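The structure appears right after this line, and notes come after that.
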Amino acid sequence: AAFSDERAFEALIATVKAAARARIRPLGDAPPVAPAAQAGYTPNGRVVAIGSSTGGVEALLTILSQFPANCPPTVITQHMPPLF
């Protein structure tokens, strides 16, 4: 649904809020993620936004692995065709 559809946009907001409340444990040997307060992050209203396409998976892995522990909130959108 398009974001011009108010119900779709409200559903997106509800989904994001639900995801923010989720309690997710790291898988396997993944190190635990430090809460923002422990990582020394102080909110300043800025976020990092990254968009990538089908060829961007490896680039995303490279970029995200270099992020510091105290990086700002990050939003990623990944385009993948249905049959990829």
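The values are calculated or read from the model by the stated rules, or taken from the named source; none is laboratory data. The structure displayed is predicted, hence computed values, not measured ones. Cβ atoms come from the backbone with ideal geometry, glycine included; neighbour counts cover every protein chain shown. Just so you know, the surface numbers come from the protein's heavy atoms only, side chains and all, with ligands and any DNA or RNA stripped out. Shrake-Rupley method; radii C 1.70, N 1.55, O 1.52, S 1.80 Å.
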Note on VAL33: of the conditions (1) open to solvent by 100 Å² or more (accessible area, probe 1.4 Å); (2) of a type outside the set (Phe, Trp, Tyr); (3) at pLDDT 80 or above, unmet is (3)
What is the residue count in the stretch 45-75 for residues that are surrounded by 12 or more Cβ atoms within 10 Å (Cβ to Cβ) and either over 15 Å from the mean Cα position of the chain (by Cα) or in a helix (DSSP H, G or I) (or both)?
7
